[in-house]
1. Please give the net charge around B:K512, taking every other residue with its beta carbon less than 12 angstrom from that of B:K512, where Lys and Arg add +1 and Asp and Glu add -1.
2. For an R0 of 51 angstrom, estimate the FRET efficiency from the Cβ-Cβ distance between B:N259 and A:L52 and round to the nearest 0.05.
3. Along the charge dipole of chain B, pointing to its positive end and built from +1/-1 on Cβ of Lys, Arg, Asp and Glu, which listed residue (B:A601, B:F265, B:S181) has its Cα farthest out?
4. Can I get the semi-axes of region B:152-224's equivalent ellipsoid? Compute them from the C-alpha gyration tensor as square roots of 5 times the eigenvalues, in angstrom, largest first.
5. Compute the Cα gyration tensor for region B:393-495, then decide on rounded, prolate or oblate, letting a ≥ b ≥ c be the square roots of its eigenvalues: rounded whenever a/c is under 1.5, prolate when a/b is larger than b/c in the other cases, and oblate in all that remain.
6. Name all residues of region B:577-602 having a backbone nitrogen under 19 Å from the label point set 7 Å from the Cα of B:R489 along its Cα→Cβ direction, giving them as ranges.
7. Looking at A:T45, B:S103, B:T509, which one has the Cα that reaches farthest to the positive end of the dipole of the protein assembly as shown (charges on Cβ: Lys, Arg +1; Asp, Glu -1)?
8. Looking at region B:363-444 from every direction and averaging, what is the projected area of its Cα convex hull in nm²?
Amino acid sequence: SCRISVLNSAILLQGYGLTSEALRRMTELAITSPVSPSLYPTLATVLLGSGLCMTGSFFLYEVTKTKSNRALRSELILAFISAVLLGFGTLFLLLWVGVYV
Amino acid sequence: MVRLTDLLLASLLALASSVLADNIKLQQVDRKISLNSQFVRITETVKVKNVGDQVVSEVILCESLGGDAVLSSYKVVETSPKNVLAVSRATVAGAPAEAACHSVNLANPLPAGETVGLTVTAVLAKAQIPYPAELGQHETQLMLYNGNVYVLSPYSVSSQTTEVILPTSTVKSYTDEKPVSKSDNKIKYGKYDLIKPFTEKRLSVHFENNKPFKHILTYVKEIEVSHWGNIYVEEKYEIKNAGAKHTGSFSRLKYAHMNLKANSFRDLKAVLPRSAHSLYYVDLIGNISTSNVRKAPTSTIMDLELRYPLLGGWKVDFTIGYSVPLKGFLTSAKSGQRRLTMDLSSPLEDVYIEDMVVRVVLPEGATNIKANLPYDMEKSFDIKYTYLDTTGRPVLVLHKQNVAAPEHAAKFSVDYDFNTVHILREPLLLVSVFFGLFVAVIAYNRMEFTITRDDKWEAARSKEVLATYMEQIQALLEDEATILSGLARATIQLREASEVDAVQREKTTVEKRLKDLEEKVKPLLAAVESRSVRVGSQVRDVLEKTRLLQSRYFKQLSDRIDLLKKGIALGEISRKLAPAQDALTAAKRELEGTITTVFGAY
């Protein structure tokens, strides 16, 4: 589909008599976002929702386990997963709202 | 006595100056001076003849600039094959002070005796002088233009005509150099024959010009590129009415009722890209609502009205902003370089920009930034810190002065290298911030903050240690329950005698695992008993009950195997074992209840 749009712009340019420009356009690819912008709302909600769930389980773990029973490894794993989900969720939230960072 | 060297030098100099003027003659020059706007637009059709005996590759053409006039745009095109020719400023000996000369490189060198046709388009700004310099509110504006009747040229001109086009037919005075004729809004000077090089004769026209003199004093355009899918453009303007200055009072009522607005203006029209969205028109006070946006086939047209009408000498500032998607503006070439193509000059129509700055903000991690510009501009670099930035975004700053709107409207492109990995800088920054918060929580939980370690603290500590052991025992009991439920499932699913061996093997593994768990529980139980005898006895109680339950499970299994071996039908078996099964379930539930009460507190 990106190639079709490039061809469209090339045809438009040819219509204005800029043939060399049109040929150059055909060899160029339009850059798009790594994630389709129509997915931003879904991704934001899903990532933030699951991130909050993981944060919840992290804090549950912190609160219920007694001092000696805590394992640093599982704490860090929970923290890492929550941080990743929350971080990306916030990014897609910003992109969804229109703050293209 | 004149020395030989001096004579030689003098003759050489004479030769040099005459070589310039003698080998080229302008056969025919037709000049049109259009005063129909705030600019002076001069179009000349020149026929150059090579009357020397050597090939000529360079022609010098001049324009006369009087007073504050600025040459904003100067283009020379060869008439027949329509080649745009390269032009550079040149200084010519013997030219008058106000002449601006350019040296034009011909596409093909002109042989001796041949002619070539050139079309010159020059745009002068600030060449029309308001005369009178100050006006009342509704007085009509009169402008004075000072030029040259004859084409200013280092070569002799065989024949020339000049036509001056005015906005209206009202002319107060004009230079009377015969032959001259005025018809309606055109004054024709010509034709003049055999004019010597650099002949000066003042051409002065005093005429009525109510066209708006839109001068933009400073124009800053900031283009911010985000690879996530958007390009922001924000333009800041400071606009002044450069016509005759307004004196006296301003009556809003009179302004609203009178039809003649003289030299005042309020409207601006901006032609934006077709895919522009999220437009805004604001100033320091806030949003300006007097605007209208409509979509045309190839553009978006924004009709702006300033906050107040600008009379002569008044100025106002405002900001326009919009966003465009990446499609059509950002492409990547085969070499991996990214290319951003955008409009360089202002989208406003018919304006004169005194100082233009274009800032292109590229994403973090963009390197090797190069610009392809349609005309000369000063380049420099800057850094901008905005959302989620760590090292700052590189900014390419382009600066130019004296830009005339229609002539300088062109596209430019910026090439840069951008590894797609850098797009992850922003989310990774967010992730690390959140992770930092969690790590802080983990660290806090491992820190001891009591100042004195007294009896109350001791009691809490010992309770905590007990709870640790209880938790571990509970985990082991849960494991045991899972294993036993596995065995129960296997028991119920046992239908044929052939499967008995498999189930027996499973039973042995289950027994082994239960034994392992027993071993694990022993030291924990000892630890609990050492802490608290009461709790220890409770736990011992629970363990007894679990052992009883285990034996029940095993008995159930062996009963079923026996019945199967005897060859009794499945229905019969289930009926026979039913009471034992019910008792088993009841015992299991009771055990779970006990575990909850004993271990619940921990």
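The values are calculated or read from the model by the stated rules, or taken from the named source; none is laboratory data. Just so it is clear, the structure is predicted and the values come from calculations on it, not from any experiment. Note that we place each Cβ from the backbone using ideal geometry, even for glycine, and neighbour counts take in every protein chain shown. These area figures cover heavy atoms from the full protein model, side chains too; ligands, DNA and RNA do not enter into them. Shrake-Rupley method; radii C 1.70, N 1.55, O 1.52, S 1.80 Å.
1. Values: positive: B:R505, B:K507, B:R513, B:K515; negative: B:E506, B:E511, B:D516, B:E518, B:E519.
Its environment carries a net charge of -1.
2. Numbers: r = 65 Å, r/R0 = 1.27.
Here the calculated transfer efficiency is 0.20.
3. So the residue we want is B:A601.
4. Details: eigenvalues 211, 88, 21 Å².
That gives 33, 21, 10 Å for the three semi-axes.
5. Details: a/c = 7.73, a/b = 2.09, b/c = 3.70.
Note, shape of region B:393-495 comes out oblate.
6. Flagged as within label range: B:585, B:588-589.
7. Checking the options against the dipole of the protein assembly as shown, the answer is B:T509.
8. On the way: hull surface 29.7 nm².
Reported value for the Cα convex hull: 7.4 nm².
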